[in-house]
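This report refers to the structure that appears directly beneath it.
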Amino acid sequence: MPLDVSTFDLNRIDARFIENPHPLLHQLRAERPIFRNADGSVYLTRHDDCLKVYQSRDMLSDKTEAFGEKFGQCPLHKHHTTSLIFNDPPYHTVVRKLISGAFTPRKLAEFEPLIEGIVDRLLDRVEDLGTLDLIDDFAKVLPTEIISFMLGIPEEYRARLRGYSLAILGALDPVVPEDRIAEGNRAVEEFGEILGDLIDHRRANPGGAMQGEVLESLIFGEHQGRRLTQDELIQNCIFLLNAGHETTTSLVGNAVGLFLDHPDQHRRLLDDPSLIDTAVEEVLRFDSPLQIGNRLAGEDIVLHDGVLPKGTYIHTSIAAANRDPAVFENPDMFDIARKPNRHIAFITGIHVCLGATLARVEGRIAIGRLVRRFPKIAANGTRQRVPLARFRGWGTLPVTV
Ligand code: HEM
């Protein structure tokens with residue numbers, strides 16, 4: 001049975017929606033661009049409505065109440081209500097200012113050769129393997145390495161990081177079974193302990209960091225005389241790691257999946273490697289790693305087709321906005337040379353992705369070098385999606401090179 005607007009509710013989505021949400025999203029945007037779910041929340045699918053929500057200072061990110069109802073008092077609640085993404089000014093401003101120090105052009109310039117080195121090493125391994133899972137053996141390793149390096153996380157812990165990340169972020173899906181909440185709680189606790197020890201160590205040994213590590217500036221940095229507390233540090237480092245690797249893994253995995261499905265675009269990039277920058281932007285638009293955002297209306301907001309009153313809980317469909325025919329010509333066409341490309345995969349406004357430049361650099365280097373080195377890359381069996389509505393990526397992607 002095809003997905004249908006008359007029976008749709010964002011809180012009751014199923015595997016068909018996760019597999020391909022776009023037929024339904026097009027229908028929603030055309031017929032009910034301000035869609036009301038049974039719980040009273042709305043789901044926005046127009047590009048201009050999503051933009052307006054993100055750009056308004058009256059739209060709030062604080063989720064203390066919503067997460068209180070969803071999780072009760074538990075480690076997941078503490079984590080999600082302490083990380084900057086789910087907070088408003090003034091706390092958001094302080095944490096953002098302190099973390100921004102880690103993403104300056106100078107720091108990013110330090111990372112570029114590091115990223116190239118890691119990618120080349122991983123590609124050597126890919127060549128040795130010949131037959132591999134593109135996610136496990138390549139896409140997930142790079143962002144984990146980079147962010148672990150930034151936070152000074154030792155090698156022996158790195159294998160566990162993706163599991164932690166999926167468990168913590170998975171609990172943000174609209175529908176979350178009990179066992180997934182328990183898994184998320186365990187992940188926050190275990191990961192929190194590891195980070196707590198690292199922070200204590202760096203606090204006691206300032207100046208001992210390797211080039212590029214940002215932990216020290218997070219510990220000792222000040223904004224208007226305020227430093228982060230131990231809890232704020234731990235939870236925001238957990239967040240930084242989650243924000244930094246699941247999404248970038250998806251960017252790289254989605255790119256390869258799209259090239260396998262669109263051999264003409266794969267050929268085009270091989271023929272003209274200078275298209276890599278627009279190709280990365282098109283992957284971000286076409287299969288946005290983060291598909292849904294949320295805000296609470298702190299004041300009434302006027303949208304294209306109506307007014308949302310103060311207190312409305314809003315879901316923004318980044319996925320739908322990025323396929324809005326009012327903004328993108330042939331929105332369902334994957335076109336690696338698309339220009340302009342006003343996608344909102346990193347959103348906009350005060351919470352605009354802090355790691356966007358880093359993610360673009362990682363994407364450009366990883367996808368560009370992979371495609372150049374293995375022009376005959378081919379599918380080798382069935383891929384499986386990460387079974388989440390909020391995050392779009394491949395859980396497994398078997399290939400031969
Ligand atoms: C393709 C990769 C990525 C995508 C698609 C992505 C997407 C996003 C989006 C949509 C938001 C806004 C969420 C909201 O407020 O509703 C966000 C926030 C954020 N991202 Fe990214 N991200 C990516 C990679 C990264 C990386 C590599 C890092 C850091 C290492 C990072 C760090 C952050 C941080 C710190 C925030 C919170 C900003 C704030 O609340 O002020 N992201 N990201």
- prompt: Taking the stretch 9-47, which residues are open to solvent by 60 Å² or more (accessible area, probe 1.4 Å) and in contact (Cβ under 8 Å) with a residue 12 or more places away in the chain?
  reply: Arg12, Ala15, Arg16, Glu19, Pro23, Glu31, Arg32, Ala38, Asp39
- request: Could you please give the count of residues in the stretch 276-297 that are open to solvent by 30 Å² or more (accessible area, probe 1.4 Å) and over 14 Å from Met333 (Cα atoms)?
  value: 3
Output for the stretch 89-133, where each listed residue is near the ligand (Cβ under 10 Å from one of its atoms) and free of Cβ contacts under 8 Å to residues at least 60 places away in the same chain: none
query: What number of residues within the stretch 103-120 satisfy the criterion of being surrounded by fewer than 14 Cβ atoms within 10 Å (Cβ to Cβ) and more than 16 Å from Leu151 (Cβ to Cβ)?
result: 7
- prompt: Residues of the stretch 48-80 being free of Cβ contacts under 8 Å to residues at least 40 places away in the same chain and open to solvent by 20 Å² or more (accessible area, probe 1.4 Å), which ones?
  reply: Thr64, Glu65, Gly68, Glu69, Gly72, Gln73
- request: Can you work out which of the residues in the stretch 238-247 that are of a type outside the set (A, V, I, L, M, F, W, C) and open to solvent by 10 Å² or more (accessible area, probe 1.4 Å) is farthest from Gly368 (Cα to Cα)?
  value: Gly244
Of residues in the stretch 172-207 being farther than 14 Å from Pro75 by Cα and not in a helix (DSSP H, G or I), the one least open to solvent (accessible area, probe 1.4 Å): Asp173
query: Is at least one residue of the stretch 329-344 modelled with pLDDT of 95 or more and under 24 Å from Ala102 (Cβ atoms)?
result: yes
message: Can you list the helices (runs of 4 or more DSSP H) lying wholly within the stretch 208-289 that have 3 or more residues being farther than 30 Å from Pro75 by Cα?
response: 230-261, 263-271, 276-286
statement: Filter the stretch 81-102 for residues that are assigned to a loop (DSSP other than H, G, I, E, B) and either open to solvent by 20 Å² or more (accessible area, probe 1.4 Å) or of a type in the set (Gly, Ala, Ser) (or both); the one that is farthest from Leu169 (Cα to Cα) is Pro90
message: So Phe138 ticks every box in (1) open to solvent by less than 60 Å² (accessible area, probe 1.4 Å); (2) at pLDDT below 90; (3) outside any loop (DSSP other than H, G, I, E, B); (4) closer than 29 Å to Ile18 by Cβ but one. Which box is left unticked?
response: (2)
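One line per residue, one yes/no per condition, for (1) within 14 Å of the ligand (Cβ to nearest atom); (2) of a type outside the set (Gly, Ala, Ser); (3) modelled with pLDDT under 90:
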| residue | (1), (2), (3) |
| --- | --- |
| Ala167 | no, no, no |
| Glu190 | no, yes, no |
| Gly208 | no, no, yes |
| Leu241 | yes, yes, yes |
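The values are calculated or read from the model by the stated rules, or taken from the named source; none is laboratory data. Everything numeric here is computed off the predicted structure, so don't read it as measured data. Neighbour counts run over all protein chains shown; Cβ positions are idealised from the backbone, glycine included. Protein only, heavy atoms only, side chains kept; ligands, DNA and RNA dropped before computing areas. Shrake-Rupley method; radii C 1.70, N 1.55, O 1.52, S 1.80 Å.
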